[in-house]
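First comes the structure, then the notes that go with it.
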Amino acid sequence: MQMPIKGRDWAEIKSEMMARGDGDAKWRDGKTAVYVFNAGEEIAAIQKQAYTAYMSENGLGPLAFPSLAQMEKDVISMALGLLHGPEGATGAMTSGGTDSITMAIKTARDYARADGRATGRANIVIPQSAHLAFDKACHLMDINVRRIAVRADGTYEADVEAMGEACDADTIMLVGSAPNFPHGIIDPIEVLGEVAMRKRVWLHVDACVGGYFAPFARMNGVPVPAFDFEVPAVLSMSADLHKYGYAAKGASTVLFRSEELYAHMPFDLACWAGAPMKTPTLAGTRPGGAISAAWAVMNVLGVDGYKRLQGQVCETRERVEEGVKRLGFKILGNPMLGLIAFAHPEHHAFAIYGEIYRRGWFTSVTKEPPSLHLMLSPKHTDVIDNYLGDLEVSVATVAAQAGAAKKADVRYS
Ligand SMILES: *Cc1c(COP(=O)(O)O)cnc(C)c1O
């Protein structure tokens, strides 16, 4: 497209723009189980109204916009209240999980350096199931990543012992996920904490997808193990509001056990031509709408609202577990929250994925081991039986193809 010389009519552009969405995944109908967290039309409308109310304001300017500064403080305070933040714990809002993780690593690195450690090339030790955002951040900062295979006992949990052995004098961070994205499994954070204490290494918990889910699941009676600041060795956490916080996109939180640790995060520079511009996170300009929408949704839902929605998601996940087991799938590990991955002992998950995709479902896969992957939303309550029906047909189709291929093999051999 070339920029039009003369601007066109907004009404015409708007209808063209909306028409472009016709080919997109049908997330409004609950047909996606990745990318979108659908808590219904009412929450979507509140996100939009609250976002547009502060869309033009800039989180870069807390003095100009004390409204946003206070909303961010409130969001961090609510987060720390949910995640057992001790007295003095603090944090900041970021644009997303990748941003939160990047800032946590940067903070841990600068903390280690201020302490005279990790003077060589630093490294972090993470489970193989940890999000690739850790590698992306380390790529930017010339930090080595030591990915350690998860346990081979069918739990898919981090192999804490092997992670401890991988630490050396240049290790600036150990990581556990709550839960990880590929399997939806919560790592044994307490045991990881013991290793972190023994090795004197910073422990970060990546609760990007679970930080605003696990506390409510626990309130609903799910036996969620200790995973947050309740574990004394946990020094920082990442938790995304734009996932199970049901906030508008562009909202995450990065949290620290103390002001002393947090102090290594903000960037400031005296020697440049412009005005002073101290920034807490990677961003300069920060969309006010992402802050106001998160603040609004958290207040609209409250503890009761989140308990209800996350309970609904857990119930749906249990229905998925039952349904896929009936179709012969094996569930990876012991998922407790909104994510689940399941493999088929006979048929390749990616072949089944192809069939379910053809039936209009935009879901995901896990590579190790090959399995189907779902990240469930409250909306899925309405459609999960249709999904399971289509999955049954998909498995049957793959099985028939495998049968036909076998016959052909016999003929040619
Ligand atoms: C989504 C996710 C991230 C990355 O968050 P973005 O907001 O996509 O940058 C990191 N870790 C886990 C476990 C996640 O689920």
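The values are calculated or read from the model by the stated rules, or taken from the named source; none is laboratory data. Worth saying up front: this structure is predicted, and the values here are computed from it rather than measured. So basically every Cβ, Gly included, is an ideal-geometry build from the backbone, and we count neighbours across all protein chains shown. Surface accessibility is based on the protein's heavy atoms, side chains included, excluding ligands, DNA and RNA. Shrake-Rupley method; radii C 1.70, N 1.55, O 1.52, S 1.80 Å.
Values computed for the structure shown
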| item | result |
| --- | --- |
| Rounded to the nearest 10 Å², the accessible area of Asp390 at probe 1.4 Å | 40 |
| Sequence-separation-based contact order of the stretch 302-412, relative, with Cα cut under 8 Å and 6+ spacing, percent | 28 |
| 5 angstrom amide H check on Ser177, placed H, neighbours 5+ away | Asp187, Asp206 |
| Mean Kyte hydropathy of -1.0 or more with a Cα span along the axis of at least 27 Å, helices from DSSP in the chain | 288-326, 384-412 |
| Alpha-carbon spread of the stretch 302-412, three principal axes, descending order, Å | 65, 25, 21 |
| The stretch 172-290: relative contact order in percent, alpha carbon pairs under 8 Å with at least 6 residues between | 20 |
| Translational diffusion coefficient (Stokes-Einstein; Kirkwood radius from C-alpha pairs) of the stretch 227-302 at 20 °C, 1.002 mPa s, in µm²/s | 147 |
| Neighbour count of at most 12 Cβ within 10 Å plus DSSP loop: longest chymotrypsin sites (Phe, Trp or Tyr not before Pro)-free window in the chain | 36-271 |
| Estimated 222 nm signal from helices in the chain, with DSSP H stretches of n ≥ 4 weighted -39500 (n - 2.57), rounded to 500 | -13500 deg cm²/dmol |
| At most 15 other Cβ within 10 Å, DSSP loop - trypsin sites (Lys or Arg not before Pro), the stretch 224-291 | Lys278 |
| Percent of Cα pairs exceeding the 30 Å cut-off, where the set is the chain | 47 |
| Normalised contact order of the chain, rounded percent, pairs of Cα under 8 Å and 6 or more residues apart | 22 |
| Contour minus Cα-Cα distance for Ala11 and Tyr357 (0.36 nm per residue) | 121.2 nm |
| Relative packing of 18-26, 173-181, which averages over residues the other C-beta atoms within 10 Å, highest first | 173-181, 18-26 |
| Highest-fluctuation residue, Gly210, Gly164, Gly184 considered, GNM on the chain with Cα pairs under 10 Å | Gly164 |
| DSSP bridge pairs, the chain: antiparallel proportion in percent, nearest 5 | 55 |
| Distance violations [Cα-Cα > 18 Å] among Lys31/Lys379; Lys48/Lys249; Lys73/Lys307; Lys243/Lys330 | Lys73/Lys307; Lys243/Lys330 |
